[in-house]
Amino acid sequence: MRSLLFVLFILVCPVVEAVAFDHGPWDSLLQEHVRVYQGGQETKVDYAAMARERPLLSAYLDQLSQVSRGQFDSWTKAGQLAFLINAYNAWTVELILSRYSNLQSIKELGSFFQSPWKKKFFSLLGQKRSLDDLEHGLIRGSGRYGDPRIHFALNCASIGCPALKDHAYQKDRLEGQLQEATTMFLADRRRNRLSGGKLQVSSIFKWYGQDFGAGWRGARTLSQFLALYSKSLGLSEAERHELLADRIEIDFLDYDWKLNGVDSDSSED
């Protein structure tokens, strides 16, 4: 009964021009079905529970699809970016649910000819789109945002990804949420650590190196970006200066593409 009332509520609530989108339904699903470990550095998704409430997710996705380009452009940049981040994460969950049974990795949803991120399986802002379209086109390629911290907010349903937060991104809290996502990811020693005099970091920094050296907060190199978060990385002041002087070698760790489901082994903090 609760699910039916929830679906009816969000279906009859129109999206109003110039008013920020309501991510409450997505926030509720995340709070109920994302489990937090290691003080927030890691989360796991209860996909079986998500599947049982798929009508709620579908209704939320339908609301996303109904937003026009004009409505979207009338929002603040923070409102736009929160909308796009939530859309990416929600449609990633939907993609997993499309074949959740016995799924070990999101990569299994692709083929030899097409990765799962290139599948055009949803409509957004008036066009049929893929997850790559959303991330690399609407977010990274638009020139509107220029914030590399989005890489710690977008979740690819894999263990190696930054954690899918147990709350939706909101325009009024976006700055703090992006900062928290970044510091939490960099503080995770399984993914980023100084070892043997080398800084070993996630492959995210290899794949999107140009974003981290594009001038955000003055960072023109990956080293300069990482130095902004030296405390999260556990670096001393001397090590931070060595990093800025490019005297610390940066290596990239292998990425774990195993599904971030609750059936994976983990110990709750």
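The values are calculated or read from the model by the stated rules, or taken from the named source; none is laboratory data. Fair warning: this is a prediction, and the values are worked out from it, not measured in the lab. Because the Cβ atoms are built from the backbone with ideal geometry, glycine has one as well, and the counts that use them run over all protein chains shown. Side chains are part of the model used for accessible areas, which takes the heavy atoms of the whole protein and leaves out ligands, DNA and RNA. Shrake-Rupley method; radii C 1.70, N 1.55, O 1.52, S 1.80 Å.
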Seminar exercise, completed: Along region 32-41, Karplus-curve 3J(HN,Hα) (6.51, -1.76, 1.60; θ = phi - 60°) to the nearest Hz, with x for Gly and Pro, reads 7, 10, 10, 9, 9, 10, 6, x, x, 6
Problem set entry | Ellipsoid semi-axes in whole angstrom, largest first, where each is sqrt(5λ) of the Cα gyration tensor of region 73-162 | 24, 14, 12
Seminar exercise, completed: Relative to the chain, whose Cα atoms define the longest principal axis, helix 77-97 and its Cα axis are tilted in degrees, nearest 10, by 80
For this session: Could you check how much of the accessible area of region 150-269 is carbon and sulfur, as a whole percent, using a 1.4 Å probe?
Result: 45
Problem set entry | Lys/Arg +1, Asp/Glu -1 at C-beta; region 29-107 dipole; positive extreme among 55, 37, 105 | 105
Exercise. Over region 102-227, how many percent of alpha carbon pairs lie in each 5 Å bin up to the one with the longest distance?
Worked result: 2, 9, 16, 21, 21, 16, 10, 4, 1, 0, 0
For this session: Quick one: pull the percentage of alpha-carbon pairs in the chain with a separation above 25 Å.
Result: 47
For this session: Could you work out the local net charge near residue 148, counting Lys and Arg as +1, Asp and Glu as -1, over the other residues with Cβ closer than 11 Å to its Cβ?
Result: +1
Exercise. Does region 44-91 come out rounded, prolate or oblate by the C-alpha gyration tensor, with a ≥ b ≥ c the root eigenvalues, rounded set by a/c under 1.5 and, if not, prolate when a/b is larger than b/c and oblate if not?
Worked result: oblate
Problem set entry | Nonlocal amide H pairs with residue 122, under 5 Å, H built at 1.01 Å | 129
Problem set entry | region 17-121 - percent of accessible surface contributed by carbon and sulfur, probe 1.4 Å | 50
Exercise. Per the Kirkwood formula on distinct C-alpha pairs, the Rh of region 160-269 is how many angstrom?
Worked result: 15.2
For this session: Order the following by accessible area, largest value first: 123, 111, 130. Probe radius 1.4 Å; ligands, DNA and RNA are ignored.
Result: 111, 123, 130
Problem set entry | Average accessible area per residue (Å²) across the chain - probe 1.4 Å, nucleic acids and ligands excluded | 46
Problem set entry | Structure-based [θ]222 nm, the chain - -39500 (n - 2.57) summed over DSSP H runs of at least 4, per residue, nearest 500 | -11000 deg cm²/dmol
Problem set entry | Simple Cβ-charge dipole of the chain, Lys/Arg +1 and Asp/Glu -1, about Cα centre, in debye nearest 20 | 540
For this session: Under 20 Å from a label point 7 Å along Cα→Cβ of residue 99: give me every residue in region 120-144 with its amide N that close.
Result: 120-123, 129-133
Problem set entry | Interchain or long-range residues, amide H under 5 Å from residue 105's placed H | 259
For this session: Based on the mean of other Cβ atoms within 10 Å per residue, sort peptides 38-48, 171-181 so the most packed one is first.
Result: 38-48, 171-181
Seminar exercise, completed: For region 100-115, in residue order, the Karplus 3J(HN,Hα) values (coefficients 6.51, -1.76, 1.60; θ = phi - 60°; whole Hz; Gly and Pro = x) are 5, 4, 6, 7, 9, 7, 4, 5, 5, 7, x, 9, 4, 9, 8, 6
Problem set entry | Extension gain from residue 258 to residue 73, taking 0.36 nm per residue of separation minus the Cα-Cα distance | 63.0 nm
Exercise. If you average the sequence gap of Cα pairs under 8 Å that are 6 or more apart and divide by the length of the chain, what percent do you get for the contact order?
Worked result: 23
